[in-house]
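Take a look at the structure set out below.
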Amino acid sequence: MILGLDLGTSMVKVAAFREDGECLGTASRRAVLCRKGGGVIEQDFEDIVTSVGEVLSEVCDGLEAGPRVIGITGQSDGLWLLDDRGYAVRPAVSWLDDRGNPYLQDWIDRGIYERVFRRNGNAIFPGSHAPLIAALADGDPEALDRAATASYLKDAILQRLTGVRATDASDASLPFLDIRKRDYDPEILRLLGLERFDRLLAPVRAAPEAFPMTASGAALTGLPEGTLVHAGPFDLPACAIGAGVDRVGDGLITLGTTLACQVLVDRIDTGGEPAGMTLCMPRDGRWMRALPATVGTATLDWVLDLVGAPHGELDRILSESAPGANGVTALPYFSSTGERAPFCDVNARGLLSGLSTATRPADLVMAVCEAVAYAARHCIEAAGLTGRLSVCGGGANSATWTQMLADVLQQPLHVARGPEVGARGAALVAMEAAGIAHDPAAWTRSQNVVAPRPETAVHHDAGFRHYLATVAAARPLWRSRPKPAVPARPPAKTGDGPCRAI
């Protein structure tokens, strides 16, 4: 048995697989995000540690044998400050938190953002390590002083289970890594003014490696001491691996909280408009050119809440409108952190247009779903897709939305084998690290293929052109909005106080 543990933004999930890739069972717990006001969104690391122990115990209960290896993946970015034992020194800052916005805007205005991108092909965004460290250096410097590691969530769990302080090159790619050498770039730290925090960066593992679980890890999970554990890559590359993206030019769209569009490449391109990520894959000489837009299912959830529609009835709601949403169009940039792919603008905001007294709630939902599909086309074309395209994520459970995506892209969509594509990818890499023989093709065969409808091509080509024109017209207007300034004095600490789950 192989376990794949996926530490998502909203769920902690685990899947147990046979060595032929068949899923034996799953378990999950909801992860609580805490909104504390002022754009502050945090998580309690100990709650997640507890959930990890519970799901691992649950999925193994009743199975004949324990796991040969556990592979961990999960959300990237955010800021998980740990002491030297792997315990949190303050609540973790979520990647959805927007207190890094003014610091990123300052780097953009001074040309530093672009200079970093030209060095490593990764565009800093507000929820990544660099802006969040800068924000805490002003807002909670004592926490940075107490911390031994500025960790990522999957690496924090690895440390609690095995005692190993390390990260992998996929997570470390953004923002501080030299992705050619797979080691930290001191010049990037210097450009950002964060060189004094280099002590917080965990060592980057040169190759996938599994580590034995400690006695304390065994006590937490109920699994035998010495069980092998591997962490990395994080959820974007792990989903690509789990979906069978293994040839240069192949791509994956994840319809999740983030609309993650990525293509496997064998060269680094630091030209063009700075945006997106270039993420090291486990194999040398391979990277994922990833454009993770903020316009995923969180955008859909927002419009469904706005119109008071049940979240589980998306297909029915869309059937009450029509392609083109009866003249309503949208820009789906409703995140308070703006947009990060295929362009970066912390001031990007959403738009609904073409409204009239004849507009129905279903038209608003249709317009937003079409806009997300156009955003996916915008990103996947920018990423350089030339091969097979796969799809996964919660949004892919909607047959209507998946068909819409195929129609907008005019590409067959290979629906990735479930359940838990990210956990499947984590299990595959963990088996490689542990030297366990397996058949990757069998593990990653598609569930089905959604073919595009040629008769929709003219409509969606026109809709995509309108979408691009609207984005081009809106960008100067976003730039004309008042920009937040870097705080002149340290803001109030936000690590304590009431937590409202979201």
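Okay, here's what the table says:
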| quantity | calculated |
| --- | --- |
| Residue check for VAL328: of a type in the set (Val, Ile, Thr) and at pLDDT 95 or above | yes |
| Any hit, region 203-215, residues being surrounded by fewer than 15 Cβ atoms within 10 Å (Cβ to Cβ), over 13 Å from the mean Cα position of the chain (by Cα) and either touching a residue at least 60 places away in the same chain (Cβ under 8 Å) or more than 24 Å from ILE48 (Cα to Cα) (or both) | yes |
| Qualifying strands (runs of 3 or more DSSP E) (wholly inside region 8-87; at least 2 residues being open to solvent by 20 Å² or more (accessible area, probe 1.4 Å), of a type outside the set (A, V, I, L, M) and closer than 28 Å to ALA442 by Cα) | 23-30 |
| Some residue of region 122-144 being charged (D, E, K, R) and touching a Leu at 6+ places or on another chain (Cβ under 8 Å) | no |
| Count - residues of region 449-463 that are hydrophobic (A, V, I, L, M, F, W, C), open to solvent by less than 70 Å² (accessible area, probe 1.4 Å) and closer than 27 Å to ALA243 by Cα | 3 |
| Only one of VAL408, VAL415 that is crowded, with 18+ Cβ neighbours inside 10 Å, modelled with pLDDT of 90 or more and closer than 30 Å to ARG283 by Cα | VAL415 |
| Meets criteria (touching a helix residue (DSSP H, G or I) at 6+ places or on another chain (Cβ under 8 Å), touching a residue at least 24 places away in the same chain (Cβ under 8 Å), closer than 28 Å to ARG445 by Cβ and open to solvent by less than 10 Å² (accessible area, probe 1.4 Å)) for LEU3 | yes |
| Selection from region 418-434 of residues that are surrounded by fewer than 22 Cβ atoms within 10 Å (Cβ to Cβ) and over 19 Å from MET281 (Cβ atoms) | GLY418, PRO419 |
| Every pair of residues 6+ apart whose Cβ atoms lie under 8 Å, when the first sits in region 168-193 and is more than 15 Å from ASP77 (Cβ to Cβ) and without any contact (Cβ under 8 Å) to a residue 24 or more places away in the chain while the second is charged (D, E, K, R) and open to solvent by 10 Å² or more (accessible area, probe 1.4 Å) | TYR184/ASP178; TYR184/ASP198; PRO186/GLU195; PRO186/ASP198; LEU189/GLU195; LEU189/ASP198 |
| Single residue of SER398, SER446 found to be of a type in the set (S, T, N, Q), open to solvent by 20 Å² or more (accessible area, probe 1.4 Å) and in contact (Cβ under 8 Å) with a residue 12 or more places away in the chain | SER446 |
| Residues that are among the hydrophobic types (A, V, I, L, M, F, W, C), over 27 Å from ARG267 (Cα atoms) and open to solvent by 20 Å² or more (accessible area, probe 1.4 Å), drawn from region 217-249 | ALA219, LEU220, LEU228 |
| Residue list for region 165-188, filter: in a helix (DSSP H, G or I) and surrounded by fewer than 18 Cβ atoms within 10 Å (Cβ to Cβ) | PRO186, GLU187 |
| Any pair with Cβ under 7 angstrom, 6 or more apart, that starts in region 342-366 at a residue that is free of Cβ contacts under 8 Å to residues at least 40 places away in the same chain and ends at one that is β-branched (Val, Ile, Thr) | LEU352/VAL328; GLY354/VAL328; GLY354/THR329; LEU355/VAL328; THR359/VAL328 |
| The listed residue being modelled with pLDDT of 95 or more, surrounded by 15 or more Cβ atoms within 10 Å (Cβ to Cβ), more than 26 Å from GLY86 (Cα to Cα) and in contact with a Leu (Cβ under 9 Å, 6 or more places away or on another chain), out of LEU279, LEU252, LEU200, LEU191 | LEU252 |
| Matching entry among ASP301, ASP305, ASP315, ASP284 (being open to solvent by 30 Å² or more (accessible area, probe 1.4 Å) and within 19 Å of VAL248 (Cβ to Cβ)) | ASP284 |
| Total residues in region 140-151, condition open to solvent by 10 Å² or more (accessible area, probe 1.4 Å) and over 22 Å from VAL32 (Cβ atoms) | 5 |
| Total residues in region 97-137, condition outside any helix (DSSP H, G or I) and either open to solvent by less than 10 Å² (accessible area, probe 1.4 Å) or of a type outside the set (D, E, K, R) (or both) | 11 |
| Test set (1) touching a Pro at 6+ places or on another chain (Cβ under 9 Å); (2) aromatic (Phe, Trp, Tyr); (3) open to solvent by less than 10 Å² (accessible area, probe 1.4 Å) - TYR374 fails condition number | (3) |
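The values are calculated or read from the model by the stated rules, or taken from the named source; none is laboratory data. Note that this is a predicted model, so its numbers are computed, not measured. When we count neighbours, we look across all protein chains shown, and the Cβ atoms used for this are built from the backbone with ideal geometry, even at glycine. Please note that ligands, DNA and RNA were not included when accessible areas were found on the heavy atoms of the full protein model with its side chains. Shrake-Rupley method; radii C 1.70, N 1.55, O 1.52, S 1.80 Å.
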